[in-house]
Amino acid sequence: MSNNIKRTMQEKIKQTNTHPMQLVDVDTVTVDIIENALKNAREEMDAVLFRTAMSPGIREQGDCFPMIANKDGKMVVGQFGSFIHGFMDAFEGELEEGDIVLTNDPYMTNAAVSHLPDWMVLIPIFKEGRHIAWSAMFGHMSDNGGMVPGSIPIKAESIYQEGIRIPPIKLYKKGVLQSDMLDLILHNVRTPQWNRFDLNALVAACNTAAKRCVEIAERFGDDVFYSTMETMLDRNKIAMSAIINMLVPEEPRAFEDYVCDDGVGMGPYKIRCKMWREGDKAIFDFEGTDPQAQSSINFYLNEDMFKMFFGSFTINLVDPQILFNDGFYDLVDVRIPQGSLLKPNFPAALSGRTHALGRIFDVMGGLLGQGAPEAMNAAGFSDSPHLFYSGYDDKGDWFQLFQIGFGGVPGRPVGDGPDGHSLWPGFTNVPNEFVEAYFPLRVEKYETITDSGGAGQHRGGNGLRVAYRFLADGQIAIHDERWLTYPWGVNGGTPGLRSTKLLVRADGSEEVLPAKCDGIEVREGDLLYFNTWGGGGWGDPFARDYALVQDDVNRGLVSVEGGLRYGVVFTDDAGSSIDVSASDALRAKLQAERGAPGLFDFGGTIEEIKQRCEAETGLKPPATPVFKKARA
């Protein structure tokens, strides 16, 4: 075959049984049984992983994303959308029964994964020699080699500085582990034992899903299994078609938000998207997004991944009972300029992509909400802040901690934003007792930050303050956002409080740390306050029920002084009770001074925010980005 002829996905899969699948009618009861069996298999993947992985990031925090796809690579059940098409378009080999593929390289898989620490395992599922489905999962490894522990170097200018690049390789060939290849990979990371166990756990989870798919096909028949998957995809497409027609206008609508800085002194970086509908198709155009950064904050956004973000966001907005899968993908057209922050040219660094990834959700909220303000969320905890702490303990053993921070979920039409929550619903916090047992540190505070949620009729969720006392010398790295720009409020709601990082040395001296920094030396006894941001408020704060403000004060979520943001006056400094007449008068006065509330409250223009930056944050404002001409 000529190298100029691109083979299809099915042509790259070697089957001993090539009898084609047949679409057959399946009754609704059988469809529901198989659908729930597949959902359970997807949940079982998580259960297997959490019980067999070793690193706290996967075992305790759940930084992993499973899926089961049909034979054509469309996710039927899962969490992060299908990355199989992107992978298979780039993969030039053949796959057969017993093969298990491993990769972590975004550039070699059309951004099937988006940075090197995410190792992806992919299994083609066979039954009696015929390919019937796929199972896949990727998890965030504690280390991938490279310039810094944790493998997310802020100052990296190239992906070559971010650790080992694993092209799509067969980790198993016909069921046999390629142990020499695995040994070579693990030789390049700082946590080889953790990575080995976590990788084995990913393989076990995918094998479990494969086993369940075969069992379902054996029980109901291959054609029924195949046809039911098609029905599940069709159901999603029908539902998403209605959602698109309801939420996406024919007239173009645009929104922009920012990544605060790049960690090397420049920012903010604009992410701009324009949305409109042509017939039944939603179009998202990121023209106007800034060019790629010189550092590692670039996010190689696969178009199908954005479709997944859009589908997940809107389904949860309209009806969470709708099964989320890839059935609707041909109803969405995504356009991302080459060489931009969201589609950088090789070999741009990608490891710090979490900030732009999270900000995409705020951009979507701002886009979709303009047409239905009453249904719009404020800006929330659109990031996964990282803390790394590494060094040698008193026994001379290497330790390496990777923690993901939680913050305030935005105020919403249905109520207040939860306090101290993750961007990803499936993530859980690592118990402090676990961290203290396995790492030389002590967690001295773990609390919500009073008044950090934006004021509104529905309050934004509060951020978290976590105080880490380091019990051994080492280095820390921090990756965070929203220290410059605000998590904006909507419909009269005010912005949430921004993030801060304060390092208090053992001698009592204090140092305000940037939101993005690595290689920071810490000594035994030093204390880090890792403060995340709050969610923006929703609705007019002067319309918030007095009893709710009283309850917020009683619970320590809002201070007595903070009650003034809601036009609430308390009778004493303890917040024992509300002075209703004084509060009514204050609300009337504040409403008159403010006038009609706007749709968005960004806390000022970028220029105004920069002017106030040093006085408000203790950090100098970032310089306007300089964009180098990238190699196409």
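The values are calculated or read from the model by the stated rules, or taken from the named source; none is laboratory data. Predicted, not measured: the structure shown is a model, and the values here were computed from it. We place every Cβ from the backbone using ideal geometry, glycine too, and count neighbours over all the protein chains shown. Accessible surface is based on the protein model in full, side chains and every heavy atom, while ligands, DNA and RNA are left aside. Shrake-Rupley method; radii C 1.70, N 1.55, O 1.52, S 1.80 Å.
Mind listing whichever residues of segment 195-226 are buried (at least 20 other Cβ atoms within 10 Å of the Cβ) and among the small types (Gly, Ala, Ser)?
If the condition is that a residue be buried (at least 20 other Cβ atoms within 10 Å of the Cβ) and among the small types (Gly, Ala, Ser), then ALA201, ALA205, ALA209, ALA210, ALA217 are the ones that fit.
Given the criterion touching a strand residue (DSSP E or B) at 6+ places or on another chain (Cβ under 8 Å), closer than 28 Å to VAL31 by Cβ and touching a residue at least 60 places away in the same chain (Cβ under 8 Å), identify the matching residue among LEU247, LEU202, LEU233.
LEU233
Scan segment 541-560 residue by residue and report those that are out of contact with any Phe, Trp or Tyr (no Cβ under 9 Å at 6 or more places or on another chain) and either acidic (Asp, Glu) or more than 18 Å from ALA378 (Cβ to Cβ) (or both).
Correct list: ASP545, ALA547, ASP551, ASN554, ARG555, GLY556, SER559.
Every residue in segment 573-632 that is assigned to a helix (DSSP H, G or I), open to solvent by less than 50 Å² (accessible area, probe 1.4 Å) and either of a type in the set (Ser, Thr, Tyr) or in contact (Cβ under 8 Å) with a residue 24 or more places away in the chain (or both), please.
SER583, ARG587, LEU590, ILE606, ILE609, LYS610, CYS613, THR617
Take segment 1-59 and flag every residue that is at pLDDT below 95, over 30 Å from MET141 (Cα atoms) and of a type in the set (Ser, Thr, Tyr).
SER2, THR8, THR16, THR18
Per-residue answers, yes or no, for (1) surrounded by fewer than 22 Cβ atoms within 10 Å (Cβ to Cβ); (2) among the aliphatic types (A, V, I, L, M); (3) touching a residue at least 40 places away in the same chain (Cβ under 8 Å):
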| position | (1), (2), (3) |
| --- | --- |
| THR485 | no, no, yes |
| GLY492 | no, no, yes |
| ALA506 | yes, yes, no |
| SER509 | yes, no, no |
| ILE520 | yes, yes, yes |
| GLY534 | no, no, yes |
| PRO541 | no, no, yes |
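Return only the number of the condition from (1) more than 27 Å from MET45 (Cβ to Cβ); (2) open to solvent by less than 10 Å² (accessible area, probe 1.4 Å); (3) out of contact with any Gly (no Cβ under 9 Å at 6 or more places or on another chain) that MET266 does not satisfy.
Status for MET266: all satisfied but (2).
How about segment 66-116: which of its residues are closer than 19 Å to PHE310 by Cα and of a type in the set (D, E, K, R)?
Across segment 66-116, the qualifying residue is only LYS74.
Can you tell me how many residues within segment 18-53 are in a loop (DSSP other than H, G, I, E, B) and either open to solvent by 50 Å² or more (accessible area, probe 1.4 Å) or of a type in the set (Phe, Trp, Tyr) (or both)?
Start the filter on segment 18-53 by keeping residues that are in a loop (DSSP other than H, G, I, E, B), which leaves 18-27, 53.
Checking the rest, the ones that are also either open to solvent by 50 Å² or more (accessible area, probe 1.4 Å) or of a type in the set (Phe, Trp, Tyr) (or both) come to 18-20, 22-25, 27.
Residues that pass the stated criteria total 8.
State yes or no: is LEU350 of a type outside the set (Gly, Ala, Ser), touching a His at 6+ places or on another chain (Cβ under 8 Å) and touching a residue at least 60 places away in the same chain (Cβ under 8 Å)?
Judged against the criteria, LEU350 is a match.
For segment 241-249, check the following and say yes or no: at least one residue is out of contact with any Lys or Arg (no Cβ under 6 Å at 6 or more places or on another chain) and farther than 20 Å from MET376 by Cβ.
Yes, segment 241-249 has at least one match.
Are any of the residues in segment 454-462 hydrophobic (A, V, I, L, M, F, W, C), assigned to a loop (DSSP other than H, G, I, E, B), surrounded by 24 or more Cβ atoms within 10 Å (Cβ to Cβ) and in contact with a Gly (Cβ under 6 Å, 6 or more places away or on another chain)? Don't jump to the end; show me each part of the working.
The initial filter retains those residues of segment 454-462 that are hydrophobic (A, V, I, L, M, F, W, C), namely 455.
With the extra rule that they be assigned to a loop (DSSP other than H, G, I, E, B), the set shrinks to 455.
Checking the rest, the ones that are also surrounded by 24 or more Cβ atoms within 10 Å (Cβ to Cβ) come to 455.
Subsequent filtering for residues that are in contact with a Gly (Cβ under 6 Å, 6 or more places away or on another chain) retains 455.
Checked segment 454-462: at least one residue is hydrophobic (A, V, I, L, M, F, W, C), assigned to a loop (DSSP other than H, G, I, E, B), surrounded by 24 or more Cβ atoms within 10 Å (Cβ to Cβ) and in contact with a Gly (Cβ under 6 Å, 6 or more places away or on another chain).
In segment 403-444, what count of residues is obtained for those that are more than 16 Å from the chain's Cα centre (by Cα), outside any helix (DSSP H, G or I) and surrounded by 14 or more Cβ atoms within 10 Å (Cβ to Cβ)?
Within segment 403-444, the subset more than 16 Å from the chain's Cα centre (by Cα) is 411-419, 430-444.
Those left that are additionally outside any helix (DSSP H, G or I): 411-419, 430-431, 439-444.
Okay, now just the ones that are also surrounded by 14 or more Cβ atoms within 10 Å (Cβ to Cβ), so 411-413, 416-419, 430, 439-443.
Qualifying residue count, segment 403-444: 13.
Among LEU497, LEU527, which is closer than 20 Å to CYS260 by Cα, of a type in the set (A, V, I, L, M) and either over 19 Å from the mean Cα position of the chain (by Cα) or open to solvent by 30 Å² or more (accessible area, probe 1.4 Å) (or both)?
LEU497
Considering only residues of segment 146-187 that are among the polar types (S, T, N, Q) and surrounded by fewer than 21 Cβ atoms within 10 Å (Cβ to Cβ), which is nearest to GLU94 (Cα to Cα)?
Here the answer is GLN178.
Considering each residue of segment 290-308, count those that are open to solvent by less than 20 Å² (accessible area, probe 1.4 Å) and either out of contact with any helix residue (DSSP H, G or I) (no Cβ under 6 Å at 6 or more places or on another chain) or of a type in the set (Asp, Glu) (or both), and give that number.
8
Take VAL214 and decide whether it is more than 16 Å from ILE100 (Cβ to Cβ) and hydrophobic (A, V, I, L, M, F, W, C).
On the way: more than 16 Å from ILE100 (Cβ to Cβ): no; hydrophobic (A, V, I, L, M, F, W, C): yes.
No, not satisfied.
Of everything in segment 62-90 that's assigned to a helix (DSSP H, G or I) and either at pLDDT 95 or above or aliphatic (A, V, I, L, M) (or both), which residue is most open to solvent (accessible area, probe 1.4 Å)?
ALA90
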